[in-house]
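Beneath this line is the structure, given in structure tokens, with notes to follow.
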Amino acid sequence: MSKRLRVAYLVKTFPRLSETFILNEILGVEGLGLELEIFSLRRLPPESEPVHPDVAKIKGPVRYIPSFIRPLWPPGLALLLFSQLALLFAAPVRYLAAVRFHFSSGNDPRLKDFLQAGYLAKALRRGKFTHLHAHFANLPTTVAEIVKHLTGIAYSFTAHAKDVYLTPPSELARKIKKAECVLTCTAVNQRYLAGLADQGTPIRLAYHGIDVNRFRVLRSGDPPQNGEVPLILSVARLCEKKGLEFLIEACRILVDRGVAFQCRIVGHGPLEDKLQKMIATLALRDRVFLLGKMTQDQLAQLYPQSNLFVLPCMILENGDQDGIPNVLFEAMVCGVPIVSTEIPGICELIEHQKNGLLVEQRNARALADAIELLIGSPGLRNDLALKGRQTVLGGFTRESSARNVYNILSSVLDSAESTDILRKRVGMAVSEYGEG
């Protein structure tokens, strides 16, 4: 394998239960021949959340960058400081320029980030990596940017959702300008980032993809049998932008209308206590259930049991919003009809009344109307389920997504290699001219 197909991947936390899109991408590009080494800025305690079984299929090593903040770990601090000293003695001018850059950047520079970047820089040099790819435009790309100042190693990054709209535009523009290229998972993100980009840095669209072989179709479009009630499923992090409070309100409206159903919500997050209290206050304990965390294998068993999938995402006042949640792909490929909301990213996947239903965000009554319509319309459920599955199979598989990312990164590496060869030839020509 050519060395130019080696890339270091940088993430904030690995593995993360909610970041299946990164796991799918890693497995996909490794399958195409990209040799990866994964670096993570944080390690979650083993008991904090389950791990997707597919993590064991990753070929490349996963390395955790030491941190001295939490928990307090003197050996980690020693490793971080040793890396700084090594970089300082190897290239003092470059090192001091990197220090000046980071601590005068004006975007709340942290010592921890600089120390971890130094450790990563030393590891990349030792491993002879020439390219670093970061996932998320916030902290991981901050570290990648410092690494470039310390070593000259080029970087690219993938921008997703929250990191796009909550990173200050001036900071984002600077990171884009210094990157070889930027990938992002929705067209709306692409347009926003392109508006910030200086000419020269390409902004590439790279939709997420899922492993369709993991998921199966059962009977979501069929009417419930043997006294069963329709099952409404939602899978999301329990946070404000997922709009789950409106789903619970919609469930109360459905109860008042005499609609039979059961609603199960899978996920965890900061709003768990609030949602539990809301379920109790609205007297929905026998209708709405919070199931906690699940792996993809567990979800693959649950999706086909569902009659419809509901995800009422919304845009927050600070601009935070979803791109295209992967759970929509998963439910659709299982043949489960979708009810979601009219936010830009989701509209790139779902066309109202074609392959799903879309309602106004923050509107519990409209949500209840759409749910009631699907519960009472088996034919419509079947039609939307079929077209939804076809949508995912047609353009959102792990294979198609990985091929796109692989081609983008290969192009970047080819361009860098060509530039390096040209520089060497120019240098040789200048040397020969001088000697003559």
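Show me the ranking of peptides 77-83, 320-326 by mean Cβ neighbours inside 10 Å, starting with the highest.
Numbers: 77-83: 16.6, 320-326: 23.1.
Per-residue mean Cβ counts within 10 Å order the peptides as 320-326, 77-83.
Of 380, 176, 307, which is farthest towards the positive pole of the chain's charge dipole, taken about the Cα centre with +1 and -1 on the beta-carbons of Lys, Arg and Asp, Glu respectively?
So the residue we want is 176.
Please work out the C-alpha center-to-center distance from segment 190-205 to segment 138-177 and express it in whole Å.
Between the Cα centre of segment 190-205 and that of segment 138-177, the gap is 13 Å.
How large is the accessible surface per residue of segment 17-129, computed with a 1.4 Å probe and reported in Å² as a whole number? Show your work: numbers first, answer last.
Values: 5820 Å² over 113 residues.
Per-residue accessible area for segment 17-129 comes out at 51 Å².
Ignoring ligands, DNA and RNA, what percent of the accessible area of the chain is carbon or sulfur (1.4 Å)? Walk me through the numbers before you get to the answer.
Working: 10370 of 19340 Å².
Carbon and sulfur atoms account for 54 percent of the accessible area of the chain.
A 26 angstrom limit on the alpha carbon distance is what I want to check against. Which of 59/162; 293/354; 57/293; 59/112; 12/177 exceed it? Numbers along the way, then the final one.
On the way: 59/162 29 Å; 293/354 31 Å; 57/293 21 Å; 59/112 29 Å; 12/177 22 Å.
Too far apart for the 26 Å limit: 59/162; 293/354; 59/112.
To the nearest 20 debye, what charge dipole does the chain have about its Cα centre, counting +1 at the Cβ of each Lys and Arg and -1 at the Cβ of each Asp and Glu?
Working: 52 positive and 43 negative charges, 244 e Å.
Dipole size: approximately 1180 debye.
Using only DSSP helix segments of four residues or longer, with each worth -39500 (n - 2.57), what per-residue ellipticity at 222 nm results for the chain after dividing by its residue count and rounding to 500?
Calculated mean residue ellipticity at 222 nm is -15000 deg cm²/dmol.
Once amide H atoms are built 1.01 Å from N in the peptide plane, which residues 5 or more positions from residue 313, or in another chain, come under 5 Å H to H?
341
Using θ = phi - 60° and the Karplus relation 6.51 cos²θ - 1.76 cosθ + 1.60, list the HN-Hα couplings for segment 120-134 in order, rounded to whole Hz, with x at every Gly or Pro.
My calculation for segment 120-134 gives 5, 4, 5, 5, 5, 5, 5, x, 6, 7, 10, 8, 10, 10, 9 Hz in order.
Collect residues whose amide H, placed 1.01 Å from N in the peptide plane, falls under 5 Å from the amide H of residue 292; neighbours closer than 5 in sequence don't count.
267
Please sort by residue number the trypsin sites (Lys or Arg not before Pro) in segment 262-310 whose DSSP state is loop and whose Cβ has at most 15 other Cβ atoms within 10 Å. Please list the in-between numbers first.
Details: sites: 264, 274, 277, 285, 287, 293; in loops: 285, 287, 293.
Filter output for segment 262-310: 285, 293.
Local charge sum around residue 365 (other residues, Cβ-Cβ under 12 Å, Lys/Arg +1, Asp/Glu -1)? Write down the numbers at each step before the final one.
On the way: positive: 252, 257, 362; negative: 249, 256, 360, 369, 372.
That works out to -2.
³J(HN,Hα) across segment 301-313 via Karplus (A = 6.51, B = -1.76, C = 1.60, θ = phi - 60°), whole Hz, x for Gly/Pro?
Calculated HN-Hα couplings, in order: 7, 7, 3, x, 7, 8, 8, 7, 10, 10, 9, x, 4 Hz.
Once amide H atoms are placed 1.01 Å from N in the peptide plane, what residues at a sequence separation of 5 or more from residue 183, or on another chain, have their amide H within under 5 Å of its amide H?
Sorted by chain and number, the residues that satisfy this are 157, 158, 159, 204.
Karplus couplings for segment 271-284 from phi (6.51 cos²θ - 1.76 cosθ + 1.60, θ = phi - 60°), rounded to Hz, Gly and Pro as x?
Values, residue by residue: 8, 4, 4, 4, 5, 4, 5, 5, 4, 5, 4, 8, 6, 10 Hz.
For segment 257-379, what's the relative contact order in percent, using C-alpha pairs closer than 8 Å and at least 6 residues apart?
Working: 134 pairs, mean separation 24.5, N = 123.
Relative contact order, segment 257-379: 20 percent.
The values are calculated or read from the model by the stated rules, or taken from the named source; none is laboratory data. Remember, predicted model here, so these are calculated numbers, not experimental data. Backbone-built Cβ (ideal geometry, glycine too); neighbour counts: all protein chains shown. Accessible surface is based on the protein model in full, side chains and every heavy atom, while ligands, DNA and RNA are left aside. Shrake-Rupley method; radii C 1.70, N 1.55, O 1.52, S 1.80 Å.
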